Structures are given as C-alpha cells and as structure tokens.
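> To start, I am sharing the structure in question, which I have written as structure tokens.
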Amino acid sequence: MSGASFLAAHPSLDVVYSTNEKDTGAVSAVAVNGDDPPSRLGSEVGTGGANPCHLTVHSGGRWLLTANYGSDTAAGSVAVHRLDADGSVAELTDLVVHEGSGPVAGRQDGSHAHQVVLDPAGRFVLATDLGADAVFTYRLDTGAGLLEPVAVNRMRPGSGPRHLAFAPDGELVWRADELSSTVTCHRYDAATGTLTEVSSTPATTVRDVTNLPGGIVASPCGQFVWVTNRGADTVAAFRVTGTALEPIGEIPSGGAWPRGLTLTGGHLLVANQHGGTLAALRVLDTGALELAGPPAVAPSVVCALAL
C-alpha cells in the first residue's frame, strides 16, 4: 500500500486499518495472522477525499471513519465505510465535507480534517479541523452508515486543532493545537457533544524554534497528559491539576519530527517521522518520562499500534 500512515485496530477481529495518505485518498485493511506475516485483506478503497491522515473503527466493528486532510484544492472531509464480516473495507456510505478557514495564511485557507474519534460513551463522533479552527460533532446512524451533524465547536482563531485526548471519565478533553503550539483543555458535555474551553498552556518550553504539536495522550488514571513536539523534537509531560496542566518535564523524542504517540504497557511509543526512528519512553510514577533504550530504525514512521 502506498502512503500508509495512521493505523487503527478492529475491536474484535485480527485486522488493522491504514490510511493511504495521498492525493487520491484510500484506506486499506491488513489481516494480522499470529506468527505469519500480515496480509492484505481485499483491495484499497477510496475515501472520497485527499490525504487521509487519521481513522478509527466504530466500537460496534461495522463502520470505519476516516479524516481526509484535503489539499490546496480539496476541502477536508470525514468518510464512512461499511466493514464486511471478515473486517475487509466495503463501500463508502457517507462523505461529509467541512467548511471553514482560519487566519494563518497557507495553512488555514480552507478546511483540513485531522482526526476523527468517538467520545467515551460512544454516542458522538468528533472530528478536529485544523484549517477551520473547529471540532465538528456528528451522530453516526449505525444502520445506514450516515453522519448526522450535531454541533460545530469553534476554537481559538489560529490555534489549528489537531488531535484530541479524552480524560477517562469523559468530562475533560485535551487538545493539541498545531499552529499555536498549545495544549488546550475543554469541558465536554456528553449530552450535546459540545466543548467549552477552560484553560490553555504552551506545549513546549523550547524557545527560538517553530514548534508544531502532533500526538497527544491522556493517562488511564487521568493524572497525566503527554504531547509530541515537532520542531522542538521532544515529548512533554504534564500533570492534570483541576482543569489546568502543570508541566512535569520534557525530554528528547529519540529522533526528529515526533508525530505519532501511543501508550502501551507503561511506555509511550514515539514515531519520529523525519528521523526514521521508533522510540520507547518509560512512564515513571510521577508522569515524567525517560528513554527506555536505543530507538529502533523505522524509515518514515508515522504511527505505532500495539496489538
């Protein structure tokens, strides 16, 4: 598959999905066959948009949701595909095109969907849009595979919302802001799918560098948040204090341009896209981080998935 980037696992089958991040966007399914090499499951299927950069499988396992970042000529959008019983990707059932722009020239001239996630209750689908400075909320019709618009949450102009991470109780949502290099906290109303900003803090303490936050993860205990910093090439750790974040520390990411961030087994896996390394950072009891060992070579790595 060409342009493979973000990964997501099926909730009950040994199948992994990948975005094919190219101008004619597509998604692919891969069967994970125990000790045997992974194998393609069916053909890649078009997403109806350009440069898909994130995807997630609905908790019921019947629908695949994909964020199409878009391009200079194509708006950002969210695609829905039906999944067959064996996990292979079937037809496109819906495509919702975002509208909007922001004040940052060259990055916000149009909409750019960047992530699509379910809220903890599984009631709503939330899609961040870096270009529109918005988080769009939808309800998925799980019978027909159609998205119903519910709310448009407007963010600070020029912030460029990239990824979200929910607190375990679902009451708070942390947002990595690519363009303003901040981490923002929202209260989440699970009844309406709406977000209310309550605090914001710098994503890095590194100065004199253009920094673009990438991945963001909240701890299962709800006490810590971590974010990757592309430019500073670090991973920053924060302690949750009420609705604010207190910086704990910041360490090198083990490579250049840390994009993906995955929590597994007491470690954070950091995908250093430009450095071509996959680093494991040990999470200490305080929430601080330390490099667990030499990073592994992984050319152009974008995302790591623990199965």
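None of the figures in this text is laboratory data; all of them are computed from the coordinates on show. What you see is a predicted model; the values in this text were computed from it and never measured. Neighbour counts run over all protein chains shown; Cβ positions are idealised from the backbone, glycine included.
> Give me the percent relative contact order of segment 1-93, please, defined on Cα pairs under 8 angstrom at least 6 residues apart.
Values: 259 pairs, mean separation 22.0, N = 93.
So the answer I get is 24 percent.
> Among Gly145, Gly100, Thr73, whose Cα projects farthest towards the positive end of the dipole of the chain, with charges put on the beta-carbon of Lys, Arg (+1) and Asp, Glu (-1)?
So the residue we want is Gly100.
> Return the long-range amide H neighbours of Ala134 (sequence gap of 5 or more, or a different chain), with a cut-off of under 5 Å between placed amide H atoms.
Close amide H contacts, sequence-distant or interchain: Asp129, Met155.
> Let me ask something else about it. Only Cα pairs under 8 Å and at least 6 apart count here; give the relative contact order of the chain as a rounded whole percent.
Across the chain, relative contact order equals 9 percent.
> What shape does segment 94-236 take by its C-alpha gyration tensor, where a ≥ b ≥ c are the square roots of the eigenvalues and a/c under 1.5 counts as rounded, a/b above b/c as prolate, and the rest as oblate?
It is oblate, given that a/c is not under 1.5 and a/b is not larger than b/c.
> What is the mean projected area of the alpha carbon convex hull for segment 208-307, to one decimal in square nanometres?
Reported value for the Cα convex hull: 6.3 nm².
> Then there's this: Based on other C-beta atoms within 10 Å, arrange Cys221, Cys53 from fewest to most. The partial results should precede the final answer.
Numbers: Cys221 10, Cys53 26.
Ranked by crowding around the Cβ, least crowded first: Cys221, Cys53.
> Moving on. Answer with one residue from Ala296, Gln273, Ala306: the one whose Cα lies farthest towards the positive end of the charge dipole of segment 208-307, charges on Cβ with Lys, Arg +1 and Asp, Glu -1.
Working it through, the farthest residue towards the positive pole turns out to be Ala306.
> Further, regarding this structure: What residues qualify as long-range amide H neighbours of Ala203, i.e. H under 5 Å apart, gap of 5 or more or another chain, H built at 1.01 Å from N?
Hits under the 5 Å cutoff: Thr182, Val183.
> Over the chain, what portion of Cα pair distances is larger than 35 Å, expressed as a whole percent?
Numbers: 5812 of 46971 pairs.
The calculated P(r) of the chain puts 12 percent of pairs beyond 35 Å.
> Cut-off 19 Å, label point 7 angstrom out along Cα-to-Cβ of Arg187: give me the residues of segment 99-134 whose amide nitrogen falls inside.
Taking a point 7 Å out along Cα→Cβ of Arg187, the residues of segment 99-134 whose backbone N falls under 19 Å are 120-121.
> With +1 assigned to the C-beta of every Lys and Arg and -1 to the C-beta of every Asp and Glu, and no other charges, what is the dipole magnitude of the chain about the Cα centre in debye, to the nearest 20?
Once rounded to the nearest 20, the dipole reads 340 debye.
> Show the residues, 5+ positions off or on another chain, whose built amide H is closer than 5 Å to the amide H of Lys22.
Long-range HN contacts for Lys22: Asn51.
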